[in-house]
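**Q** Quick one: this structure, given as structure tokens, is what I'll be asking you about.
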2 protein chains.
Amino acid sequence: MDTLIRDALIITQNRNREIIRGDILIEDGKISKVAKSIHGGAEERIDASGKLAFPGLVNAHTHIPMSLFRGYAEGMRLHDWLEKKIWPAERRLKPAHVRAGSLLGILEMVRSGTTCFNEMYIAHMDEVCGAVLGSGMRASVGFGMFDLARKTSPEEEFKNGKSLAEKWSGKSPLLNISMAPHAPYTCSEELLLLAKEYARRNCLRLHIHVSETRKEVFDSLQQKGKRPIEYLHSLGMLDSETVLAHGSWVTKRESVLVGKSGASLSHNPVANLKLATGGICPLREYLEAGANICLGTDGTASNNSHNMLETMKFAQLLQSHLYWDPLRISIQQVWDAATINGAKALGFNSGSIGPGKEADIVLADLRSCNLAPLHGPPSLFFSLHPGNITDVLIAGNPVLSEGKFTSLDEGKIIEEAQRQAEGLVGD
Amino acid sequence: MDTLIRDALIITQNRNREIIRGDILIEDGKISKVAKSIHGGAEERIDASGKLAFPGLVNAHTHIPMSLFRGYAEGMRLHDWLEKKIWPAERRLKPAHVRAGSLLGILEMVRSGTTCFNEMYIAHMDEVCGAVLGSGMRASVGFGMFDLARKTSPEEEFKNGKSLAEKWSGKSPLLNISMAPHAPYTCSEELLLLAKEYARRNCLRLHIHVSETRKEVFDSLQQKGKRPIEYLHSLGMLDSETVLAHGSWVTKRESVLVGKSGASLSHNPVANLKLATGGICPLREYLEAGANICLGTDGTASNNSHNMLETMKFAQLLQSHLYWDPLRISIQQVWDAATINGAKALGFNSGSIGPGKEADIVLADLRSCNLAPLHGPPSLFFSLHPGNITDVLIAGNPVLSEGKFTSLDEGKIIEEAQRQAEGLVGD
């Protein structure tokens with residue numbers, strides 16, 4: 001189906017970062033033309049006058065089944081919360097829980113302008129993949145493997161990741177499978193190497209947590225004589241197919257290792273603050289080293305939202321705070337992190353609005369009191385909220401149209417999520 | 001007019017901080033009854049089943065005419081931005097600019113659940129008061145006086161504040177006038193004392209910026225031998241009628257001075273981060289000292305939003321970060337700061353949902369994908385966004401009803417704000 005989006009104010013995120021007023025033609029799920037005025041017929045026309053168009057946001061680190069835990073057992077310190085609440089609940093997880101949480105997370109992401117996400121979770125991952133394909137969302141999904149924490153063998157744990165890849169790789173251009181060893185401190189060296197080798201051999205991304213907390217760094221130094229990113233580097237695990245989540249507690253030397261390797265880093269500011277990890281990811285050092293910086297929400301259990309617009313605001317403002325300088329990370333760099341850098345990290349040809357690109361496009365109503373007056377589009381992420389978003393296209397498919405989901409039954413998904421959450425933790 | 005709100009999930013913010021499911025009866029602009037089920041007729045009935053009700057939020061520090069500057073000249077450092085952009089524009093301000101910016105700010109506040117705000121600005125303040133009365137909003141409004149910066153005499157500058165009070169005090173129960181000397185470093189001692197004496201004599205609030213930046217503290221120590229809050233204390237300017245904005249760069253001794261005096265403090269986290277002031281207001285110390293802690297957005301020129309829900313999230317998370325402890329400021333304390341504490345600071349009988357209170361009430365649709373599942377209402381401010389808010393009542397008057405303004409012409413106000421902003425800074 002061809003679609004013509006008419007008369008939008010477009011943040012293109014193209015090579016020259018142009019912002020233009022014009023039309024976007026979509027053919028076969030891809031953008032074929034962007035111009036001031038496109039003539040000719042298209043099967044579908046979307047009137048976007050008075051609207052902003054921007055590339056669908058890429059959430060570079062999350063755990064969407066944890067949507068069921070949003071707001072569950074608040075007001076506890078991390079350790080108690082995990083040991084007494086989250087882990088016991090996770091041991092009870094059934095496929096229906098994961099399915100319900102995944103669909104809920106997808107609804108929330110679409111409504112807040114996210115069209116693609118990087119997922120890692122620890123059980124029933126077939127349900128996540130099924131939810132992605134069933135909803136028309138774009139995602140990179142990996143099975144979170146951790147033999148040390150789960151007390152299994154490296155081989156047994158590796159099978160989880162491998163089976164997911166074998167079952168789902170190549171099933172849809174909207175779905176990539178990644179290898180997702182949980183973290184250097186929860187995985188044995190054997191498992192990390194098995195995962196990386198398999199990823200290399202099969203051209204899959206590697207997705208791993210690293211240096212989220214100070215304790216993790218201390219333990220790593222004590223046990224391995226290396227900081228976590230140094231350790232991953234020593235195993236040959238850093239390259240352009242690797243996506244690191246967090247990387248907050250790092251030395252400058254580690255940021256250089258990440259930059260030189262071409263690895264991507266997902267900064268997840270809201271979750272870092274909520275868990276009070278104390279470290280703010282030093283984006284300036286990473287950027288100076290040439291790292292591909294992305295942004296993520298992390299799971300809603302530690303956020304409590306999948307709202308990437310909010311994450312963009314937190315990211316820019318936290319860096320201003322960290323360096324006592326409002327210009328240290330520019331507004332443009334934040335857009336890049338949330339769009340093209342994320343797409344590159346996950347291996348999708350999306351993240352900008354230009355010919356040949358995947359048609360992942362978000363429209364927002366500029367006639368909103370929180371967006372006026374319009375002095376310049378780039379800073380709009382400081383004031384945009386999900387209520388401003390009217391349309392979301394993924395691979396040209398209008399998943400959200402004039403504020404309504406076209407095929408997902410939102411009410412039913414919300415009800416089912418509530419029911420499954422109560423069954424899981426309603427104690 | 002009597003109004004009955006039926007079957008809401010109510011965050012009451014009453015003395016026991018009860019959360020109940022039930023009805024709210026409003027008579028003559030005040031809440032007369034809150035109970036599980038209220039029988040009997042009311043002229044208006046609002047079906048709030050599936051909705052959350054919470055007390056209208058109180059924005060304890062802002063400059064709403066600056067709504068016209070939202071997103072204007074981004075990407076500049078504070079000093080350049082003020083000297084080259086904002087101050088020249090402010091010298092060109094006409095009444096129509098202030099009116100347009102005020103109405104825009106009010107729209108945005110109502111849509112994000114704010115029913116009351118604490119305003120200080122520097123020109124054409126009659127227009128702000130007119131916008132408050134014309135819109136049905138609740139506010140405390142003061143003329144921002146600063147003889148040192150404006151190079152006028154204390155008496156001349158004081159006249160601005162006094163005239164506003166004489167003209168508008170007592171005009172409406174929705175409007176309080178405050179005395180608003182801008183800051184210790186922009187006002188002479190004479191002006192500060194004139195303002196405070198007048199406020200005391202006429203039972204008005206005093207609203208003043210203090211200790212926002214480190215430079216201000218250094219300069220104060222050098223010029224006066226005292227830190228800014230010590231200086232205000234030495235002038236007898238701290239008491240329960242005083243609202244301090246910022247107070248980020250303070251010693252523990254200063255937080256104790258604030259607490260002992262019974263003064264209120266508005267913490268404005270988003271603006272502090274955006275201007276990269278480097279200091280995070282130490283709420284724990286203020287709370288331990290017994291200070292009345294409130295929250296504000298500051299103007300949208302340094303935010304870029306009037307969204308108090310977002311400010312609540314930033315406030316809680318920043319304190320978690322500051323103290324490396326997610327429980328240092330509780331979710332309940334954040335609700336208190338954004339509701340009852342703010343109302344107390346500004347001298348209004350609002351901020352909670354209970355008999356005898358002003359009927360400032362917000363309804364939000366709980367059947368929203370970003371709010372499900374519902375494990376507990378208090379943490380909802382971490383995930384609520386303005387798009388979830390359906391109804392806003394101020395003094396019982398439904399200003400926003402099912403997502404639509406009942407008497408304000410939203411489209412027209414947005415258009416006019418755009419037009420006035422272009423006229424003001426479209427260079």
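**Q** Which numbered condition in (1) in contact with a helix residue (DSSP H, G or I) (Cβ under 6 Å, 6 or more places away or on another chain); (2) crowded, with 19+ Cβ neighbours inside 10 Å is the only one that B:R328 fails?
**A** Unmet condition: (2).
**Q** Among the residues of region A:420-427, are any surrounded by fewer than 19 Cβ atoms within 10 Å (Cβ to Cβ), more than 18 Å from A:L57 (Cβ to Cβ), more than 8 Å from every other protein chain (Cβ to nearest Cβ) and in contact (Cβ under 8 Å) with a residue 12 or more places away in the chain? So that I can check it myself, show each step before the final result.
**A** Our first condition is that a residue be surrounded by fewer than 19 Cβ atoms within 10 Å (Cβ to Cβ); within region A:420-427, this holds for A:422-423, A:426-427.
Subsequent filtering for residues that are more than 18 Å from A:L57 (Cβ to Cβ) retains A:422-423, A:426-427.
With the extra rule that they be more than 8 Å from every other protein chain (Cβ to nearest Cβ), the set shrinks to A:423, A:426-427.
Add one more test, that the residue is in contact (Cβ under 8 Å) with a residue 12 or more places away in the chain, and what stays is A:423.
Yes, because at least one residue in region A:420-427 is surrounded by fewer than 19 Cβ atoms within 10 Å (Cβ to Cβ), more than 18 Å from A:L57 (Cβ to Cβ), more than 8 Å from every other protein chain (Cβ to nearest Cβ) and in contact (Cβ under 8 Å) with a residue 12 or more places away in the chain.
**Q** Being in contact (Cβ under 8 Å) with a residue 24 or more places away in the chain and among the β-branched types (V, I, T), is that true of even one residue in region B:134-145?
**A** Yes; the residues of region B:134-145 include at least one that is in contact (Cβ under 8 Å) with a residue 24 or more places away in the chain and among the β-branched types (V, I, T).
**Q** Determine the pairs where a residue that is in the same structural domain as A:C116 (by TED's automatic domain parsing) and closer than 16 Å to A:G144 by Cα, located within region A:164-179, has a partner that is of a type in the set (G, A, S) and part of a helix (DSSP H, G or I) with Cβ atoms under 8 Å apart, the partner being 6 or more residues away or on another chain.
**A** Matching pairs, first to second residue: A:I177/A:A165; A:S178/A:A199; A:M179/A:G161; A:M179/A:A165; A:M179/A:A195; A:M179/A:A199.
**Q** Go through region B:5-32 residue by residue and tally those that are more than 26 Å from B:M137 (Cβ to Cβ), free of Cβ contacts under 8 Å to residues at least 60 places away in the same chain and not in a loop (DSSP other than H, G, I, E, B).
**A** Residues in region B:5-32 being more than 26 Å from B:M137 (Cβ to Cβ), free of Cβ contacts under 8 Å to residues at least 60 places away in the same chain and not in a loop (DSSP other than H, G, I, E, B): 4 in total.
**Q** Test B:H267 against the criterion of being closer than 30 Å to A:S330 by Cα and either under 19 Å from the mean Cα position of the chain (by Cα) or of a type outside the set (V, I, T) (or both), and give yes or no.
**A** Details: closer than 30 Å to A:S330 by Cα: yes; either under 19 Å from the mean Cα position of the chain (by Cα) or of a type outside the set (V, I, T) (or both): yes.
So B:H267 passes the test.
**Q** Could you list all residues from region A:358-390 that are among the polar types (S, T, N, Q) and out of contact with any strand residue (DSSP E or B) (no Cβ under 7 Å at 6 or more places or on another chain)?
**A** Step one: of region A:358-390, the residues among the polar types (S, T, N, Q) are A:368, A:370, A:379, A:383, A:388, A:390.
Listed by number, the residues that qualify are A:S368, A:N370, A:S379, A:S383.
**Q** Examine region A:76-94 for a residue that is within 27 Å of A:A343 (Cα to Cα), in the same structural domain as A:A337 (by TED's automatic domain parsing) and basic (K, R), and state whether such a residue exists. Step through it out loud before you land on a result.
**A** Quick first cut of region A:76-94, residues within 27 Å of A:A343 (Cα to Cα) only: none.
No, there is no match, as no residue in region A:76-94 is within 27 Å of A:A343 (Cα to Cα), in the same structural domain as A:A337 (by TED's automatic domain parsing) and basic (K, R).
**Q** When region A:376-413 is examined, which residues are found to be surrounded by 24 or more Cβ atoms within 10 Å (Cβ to Cβ), in contact with a Pro (Cβ under 8 Å, 6 or more places away or on another chain) and within 11 Å of another protein chain (Cβ to nearest Cβ)?
**A** A:H385
**Q** Go over the candidates A:A271, A:A263 one by one and state the one that is of a type in the set (A, V, I, L, M, F, W, C), modelled with pLDDT of 95 or more and within 30 Å of A:R70 (Cα to Cα). Before you say what the answer is, go through the steps one by one.
**A** Numbers: A:A263 fails: within 30 Å of A:R70 (Cα to Cα).
Result of the check over A:A271, A:A263: A:A271.
Residue by residue, here is whether (1) charged (D, E, K, R); (2) under 30 Å from B:V243 (Cα atoms) holds:
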{"position": "B:E27", "(1), (2)": "yes, no"}
{"position": "B:S32", "(1), (2)": "no, yes"}
{"position": "B:I38", "(1), (2)": "no, no"}
{"position": "B:I46", "(1), (2)": "no, no"}
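**Q** For region B:10-36, how many residues are within 18 Å of B:L52 (Cβ to Cβ) and either in contact with a Phe, Trp or Tyr (Cβ under 9 Å, 6 or more places away or on another chain) or among the hydroxyl-bearing types (S, T, Y) (or both)?
**A** Residues flagged as within 18 Å of B:L52 (Cβ to Cβ) and either in contact with a Phe, Trp or Tyr (Cβ under 9 Å, 6 or more places away or on another chain) or among the hydroxyl-bearing types (S, T, Y) (or both) within region B:10-36 amount to 5.
**Q** Check A:R214, A:R201 and return the single one that is within 14 Å of chain B (Cβ to nearest Cβ) and surrounded by fewer than 23 Cβ atoms within 10 Å (Cβ to Cβ). Full working, then the answer.
**A** Values: A:R201 fails: within 14 Å of chain B (Cβ to nearest Cβ).
The conditions single out A:R214.
**Q** Now for a different question. Is it fair to say B:E90 is away from chain A (no Cβ under 14 Å), over 30 Å from B:G29 (Cα atoms) and in contact with a helix residue (DSSP H, G or I) (Cβ under 8 Å, 6 or more places away or on another chain)?
**A** On the way: away from chain A (no Cβ under 14 Å): yes; over 30 Å from B:G29 (Cα atoms): yes; in contact with a helix residue (DSSP H, G or I) (Cβ under 8 Å, 6 or more places away or on another chain): no.
Taking the combined requirement at face value, the residue does not satisfy it.
**Q** From A:G279, A:G354, A:G290, which residue is outside any helix (DSSP H, G or I), more than 30 Å from A:I26 (Cβ to Cβ), touching a residue at least 60 places away in the same chain (Cβ under 8 Å) and more than 8 Å from chain B (Cβ to nearest Cβ)? Explain how you work it out, then say what you get.
**A** On the way: A:G354 fails: more than 30 Å from A:I26 (Cβ to Cβ); A:G290 fails: touching a residue at least 60 places away in the same chain (Cβ under 8 Å).
Going through A:G279, A:G354, A:G290 in turn, the sole match is A:G279.
**Q** Give the residue that is farthest from the other protein chains (Cβ to nearest Cβ), with candidates limited to residues of region B:262-276 that are assigned to a strand (DSSP E or B) and touching a residue at least 40 places away in the same chain (Cβ under 8 Å). Write out each step before concluding.
**A** Kept after step one, since they are assigned to a strand (DSSP E or B), are these residues of region B:262-276: B:264-267.
Subsequent filtering for residues that are touching a residue at least 40 places away in the same chain (Cβ under 8 Å) retains B:264, B:266-267.
Numbers: B:S264: 24, B:S266: 18, B:H267: 14 Å.
Result: B:S264.
**Q** For B:V250, are the conditions met, namely being buried (at least 24 other Cβ atoms within 10 Å of the Cβ), farther than 30 Å from A:S379 by Cβ and either touching a Leu at 6+ places or on another chain (Cβ under 8 Å) or in the same structural domain as B:S67 (by TED's automatic domain parsing) (or both)? Let's see the steps before the verdict.
**A** Values: buried (at least 24 other Cβ atoms within 10 Å of the Cβ): yes; farther than 30 Å from A:S379 by Cβ: yes; either touching a Leu at 6+ places or on another chain (Cβ under 8 Å) or in the same structural domain as B:S67 (by TED's automatic domain parsing) (or both): yes.
Taking the combined requirement at face value, the residue satisfies it.
**Q** For the structure I just gave you, tell me whether A:A417 is facing another protein chain (nearest Cβ under 9 Å), without any contact (Cβ under 8 Å) to a residue 12 or more places away in the chain and buried (at least 22 other Cβ atoms within 10 Å of the Cβ).
**A** No.
**Q** Tell me yes or no: at least one residue of region A:52-65 is assigned by TED's automatic domain parsing to the domain that holds A:S302, over 21 Å from A:A338 (Cβ atoms) and surrounded by 24 or more Cβ atoms within 10 Å (Cβ to Cβ).
**A** yes
**Q** Which one is nearest to B:G347 (Cα to Cα), of the residues in region B:293-302 that are part of a helix (DSSP H, G or I) and not aliphatic (A, V, I, L, M)?
**A** Step one: filter region B:293-302 for residues part of a helix (DSSP H, G or I), giving B:300-302.
With not aliphatic (A, V, I, L, M) added as a condition, the list becomes B:300, B:302.
Values: B:T300: 24, B:S302: 26 Å.
Here the residue is B:T300.
**Q** Considering only residues that are without any contact (Cβ under 8 Å) to a residue 24 or more places away in the chain and closer than 20 Å to B:P154 by Cβ, which ones fall in region B:187-223?
**A** Quick first cut of region B:187-223, residues without any contact (Cβ under 8 Å) to a residue 24 or more places away in the chain only: B:197, B:201, B:215, B:218, B:221-223.
B:E197, B:R201, B:Q223 - these are the residues of region B:187-223 that are without any contact (Cβ under 8 Å) to a residue 24 or more places away in the chain and closer than 20 Å to B:P154 by Cβ.
**Q** How about region A:388-408: which of its residues are closer than 24 Å to B:S305 by Cα and β-branched (V, I, T)?
**A** Result: A:I389, A:T390, A:V392.
**Q** Which residue is modelled with the highest pLDDT, if the candidates are limited to region A:294-347 and must be over 21 Å from A:H385 (Cα atoms) and of a type in the set (D, E, K, R)?
**A** A:K344
**Q** Take the residues in region A:116-129 that are touching a helix residue (DSSP H, G or I) at 6+ places or on another chain (Cβ under 8 Å) and either surrounded by 24 or more Cβ atoms within 10 Å (Cβ to Cβ) or within 9 Å of chain B (Cβ to nearest Cβ) (or both); name whichever of them is farthest from A:H385 (Cα to Cα).
**A** It comes out as A:M125.
The rows are residues; the columns are (1) among the acidic types (D, E); (2) more than 22 Å from the chain's Cα centre (by Cα); (3) under 25 Å from B:L273 (Cα atoms).
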{"site": "B:V58", "(1), (2), (3)": "no, no, yes"}
{"site": "B:E74", "(1), (2), (3)": "yes, yes, yes"}
{"site": "B:K85", "(1), (2), (3)": "no, yes, yes"}
{"site": "B:A96", "(1), (2), (3)": "no, yes, no"}
{"site": "B:R99", "(1), (2), (3)": "no, no, no"}
{"site": "B:I106", "(1), (2), (3)": "no, no, yes"}
{"site": "B:V110", "(1), (2), (3)": "no, no, yes"}
{"site": "B:T114", "(1), (2), (3)": "no, no, yes"}
{"site": "B:V132", "(1), (2), (3)": "no, no, no"}
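**Q** Looking at (1) under 19 Å from A:H63 (Cα atoms); (2) touching a Pro at 6+ places or on another chain (Cβ under 9 Å); (3) crowded, with 23+ Cβ neighbours inside 10 Å, which is the only condition A:L194 fails?
**A** Result: A:L194 fails condition (1) only.
**Q** Pairs under 8 Å by beta carbon, first residue acidic (D, E) in region B:313-342, partner at pLDDT below 95 and not in a helix (DSSP H, G or I), six or more apart or different chains?
**A** Taking only residues 6 or more apart or on different chains, the pairs are B:D325/A:R77; B:D325/A:A276.
The values are calculated or read from the model by the stated rules, or taken from the named source; none is laboratory data. Here the structure is a predicted model, which means the values were calculated and not measured. So basically every Cβ, Gly included, is an ideal-geometry build from the backbone, and we count neighbours across all protein chains shown.
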